[in-house]
Amino acid sequence: MLLSYFTISNYRSIQGEYKIDLSNYTTLIGKNNEGKTNVIKAISLGMEIIRITSSGSKRKILNTSLYSWSEDFPISQQNNKRLKKKVTKLRMDFMLDAREQTKYYEQTDSHINGSLSVYIEIDEGNQFSIRIPKQGKNTKDLSKTKVKEIASCIVDCFDVQYIPAIRSAEDAYDVISQLIDSELNSIQDPEYQQALDIIENKQRERLNNLENNITKPLKMFLPSIRHVRLNLLQNNRTSSYRFAKRFIDVEIDDGVSTSLSRKGDGVKSLSVIALLSQITSEKNILILVDEPETHLHPEAIRYIHAVLHQLSNKNQVIISTHSPIFINRTSISSNIIVDNGTASPADRLETIRKTLGVICSDNLMYSDYVVVVEGPCDKKILEAYFMLDSKLKEWIENGFLTVRSIGGTRNLRNEVYSLTNYCCNFLMVLDYDQAGKEAFEAVKQDEKFFITDSNAVFFKVHGKSPSELEDLFKPEVYQDYLSSKHIDITENGFKNISKKWADRIGSIYVGGDLSDEEENEIKTQISEIVSEHIAESLTEEGIKVLDKVKSVLIQEIEAMRRIRTK
């Protein structure tokens, strides 16, 4: 079960209706006090109301610790006489897979087409109402009994874990308490319910595992740490086994055993995220993290970024951040800009950069390793091919590796100059034509750059010179598209391998010589076609060339990482 959309209105700083499209990894960016944290808290609030409904509780008034109308309904709207209904509105749209649809039917005796919408309102008396409309043309709301059953189904299949910005020991303990509670409740052993002494043994065994798993990542950044101990100060034998912070003490041994409450804020943050990385659950989990970069060294921030990306492979992750490191580089629209009462997906990297107030060197444009290509078509094809490899995919998603289009070989020298100044490792991947070879030779001859032949790979096809990216594609893949443009590649002119691919296309173009705009349009469309089925669209020679690029990258990046970990 996934939360595909979330809609919110009249909550704290949010007055207009926000509708946010959620992916597996979504970032919320914007200036301070624009509402990023409020979006995260609203999602957590909505899930808590679903939990309350699933319990069958008749009490529909929220505790003020969850919601207080006088504080959480926009203050500027509280005395607005034109506003007839002064309520906070939340809407959660879920997507269910086939297994969950079956479970839904078993629990509710109703069929569902895979989508489920839950509408929540909270009024001036802190009283909430929850309704779920029927699917189909008749949009009447389901009965209260059905709503409880559906809420129970959601709770069984889906959970939300909220990690606030860690700014105090109390914050850290609150989050750790919730995480340990979730971990202990995930134990499925039937003996767990039979005897308290067995429960205590099972808990201690699980906590011992957690201690070991937390210690390892902490030692990466704090080598003096010997061990982390999770102590249950008081056995809580209530039915829910929920642990308030008074039942838990986190003890860190770095030569002297010290309570977490006496450690710095950075250690508290790392402890929470390290524990978060050990989550085990059969449910789909939505992890909400508010400003994970708070109080942390840049290396620790990168570690947390890797952990969150790893978690997003099996869960949904939503982050509120001011750091460019956490930006979703593989899906620009998954970065939601919260600004001036609106929440909208980013349309381009420049917008994100402006919102964060960063400059190019703040790691949005450059990564630790950069693959430099001539144009956007090269970038699209290489990224598609790289994503087939688990290592390269992970490095791209973690922001360690970037494929960068420079807009033509005329910009190669300036690009190499910038990459050298920013201390980036890089590989140039260029067309094997006159422009590509001359541009590379120019930077190689410049003594300032220390460039060698190992810094470049060419789209070189054996026995053919010149050659370019499009020579790596099977012609039958794009033949129908070119036919629609009145270009017949079965003509003899296309088979003249002594010419560049673009020149061969131009020689058989019915309209005469191709303009630069027409050539770019054709190459762009072909790259779209090829990238969708990249593994089947390359010639044997094309696979060899791109495998060479991949091999160079993996070898060099692994060498870089080995040096870093020494």
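Read the figures in this text as sums done on the coordinates, not as results from a lab. Here the structure is a predicted model, which means the values were calculated and not measured. Cβ: placed from backbone, ideal geometry, glycine included. Neighbour counts: every protein chain shown.
At a 10 angstrom cut-off on C-beta neighbours, averaged per residue, how do the peptides 526-535, 465-474 rank from highest to lowest?
465-474, 526-535
Under 16 Å Cα to Cα from Lys146, which aspartates and glutamates show up? Leave out anything in the same chain fewer than 8 places away.
Glu106, Asp109, Asp156
Which whole-number percentage describes the relative contact order of segment 366-566, with Cα contacts under 8 Å and a sequence gap of 6 or more?
Averaging sequence separation for qualifying contacts and normalising by length gives 22 percent for segment 366-566.
How would you rank 395-406, 53-64, highest first, on the average number of other Cβ atoms within 10 Å across their residues?
The packing order, highest mean first, is 395-406, 53-64.
With respect to the cross-link table entries Lys19/Lys216; Lys19/Lys81; Lys216/Lys354; Lys500/Lys550; Lys354/Lys500, which display a Cα-Cα separation exceeding 29 Å?
Details: Lys19/Lys216 40 Å; Lys19/Lys81 26 Å; Lys216/Lys354 37 Å; Lys500/Lys550 25 Å; Lys354/Lys500 40 Å.
Result: Lys19/Lys216; Lys216/Lys354; Lys354/Lys500 exceed 29 Å.
Could the peptides 316-322, 486-492 be put in order, highest first, of the mean number of other beta-carbon atoms found within 10 Å of their residues?
Put in order of decreasing packing, that is 316-322, 486-492.
List the lysines whose Cα lies under 26 Å from the Cα of Lys448, skipping any in the same chain that are fewer than 8 positions away.
Straight-distance partners of Lys448: Lys437.
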